[in-house]
Amino acid sequence: MTAELVEPSGEGIRRYREHRHARLLGGRPCRGKERRRNHDPEMGSPKAHRRGQATPAPVPHAPVRWKNGLVAKSAQKPLELILARNLLTSISTPAFLVDAAGVLLFYNEAAGALLGLPFEEAGRMEPEEWGTRFGPVGADGNPIPFDQLPLTVALRDGRPSHAEFRIHGADGEDRDIEVSAFPIAAQETSGAMAIFWPVDEHGANGEAER
């Protein structure tokens with residue numbers, strides 16, 4: 001018995017392709033006007049399988065404006081700030097981390113113990129909040145202006161800064177501390193870090209060394 005080779009017609013080829021495409025999309029074949037209606041020119045492929053679902057319009061990314069008037073270039077934090085936060089989590093010295101706009105991004109567990117408030121409860125703070133929430137006051141008992149705090153100086157002037165003052169913890173305890181702050185910069189300043197410690201503990205160590 002011999003088989004006769006039959007040349008497929010144009011209609012047969014077209015219907016085969018429609019069925020094959022529909023199976024790949026998990027739906028039924030569509031033809032003619034329906035195929036053109038379901039074609040998404042932006043995606044370059046049919047969208048029959050998404051019929052009935054509204055396509056959300058792209059949402060433009062508006063620039064982030066901080067309360068102090070500075071505009072963040074991107075919601076994505078610079079790599080050096082991410083690395084700085086990782087460093088803070090691994091050290092036992094109390095430390096603060098702020099971005100270029102002065103927003104408090106993180107402080108570590110040791111800082112939370114000294115301030116009487118874990119970062120998980122405090123969360124991020126604007127400069128106006130963290131600059132006054134824990135004091136600070138000078139030796140004369142007067143509040144230290146925000147623009148004179150070590151972190152502010154480090155961000156504004158791009159240089160290290162050191163100071164000694166008293167803070168009032170969330171647990172109600174007053175503590176005398178020393179603070180050293182320095183800018184974090186790659187091509188430009190992206191933030192600053194401050195480390196601080198109790199003065200009495202520093203003094204006790206000094207007496208022991210003598």
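Laboratory data are not the source of any read-out in this text; all were calculated from the coordinates shown. As the structure is a computational prediction, the values presented were derived from the model and not from experiment. Note that each Cβ is placed from the backbone with ideal geometry, even for glycine, and that neighbours are counted across all protein chains shown.
In a shell of Cβ-Cβ distance under 15 Å around L117, excluding L117 itself, what net charge do Lys and Arg (+1) and Asp and Glu (-1) give? Summing Lys and Arg as +1 and Asp and Glu as -1 gives -4.
Contour minus end-to-end for R156 and E80, with contour as 0.36 nm per residue of separation and end-to-end as the Cα-Cα distance?
Contour length minus Cα-Cα distance gives 25.5 nm.
Between V137 and E188, the distance separating the two model label sites (each 7 Å from Cα on the Cα→Cβ line) works out to 4.0 nm. Counting every other Cβ atom within 10 Å of each residue's Cβ, M125, M193 order from fewest to most as M125, M193.
Between S90 and V199, the modelled label-to-label distance comes to 3.3 nm, taking each label 7 Å out from Cα in the direction of the beta carbon.
Report, as a whole number in µm² per second, the diffusion coefficient that Stokes-Einstein gives for the range 65-209 at 4 °C and 1.567 mPa s using the Kirkwood radius over alpha carbon pairs.
Details: Rh = 15.6 Å.
The calculation lands on 83 µm²/s.
Neighbour counts of C-beta atoms inside 10 Å place V153, V137, V98 in the sequence V137, V153, V98, starting with the fewest.
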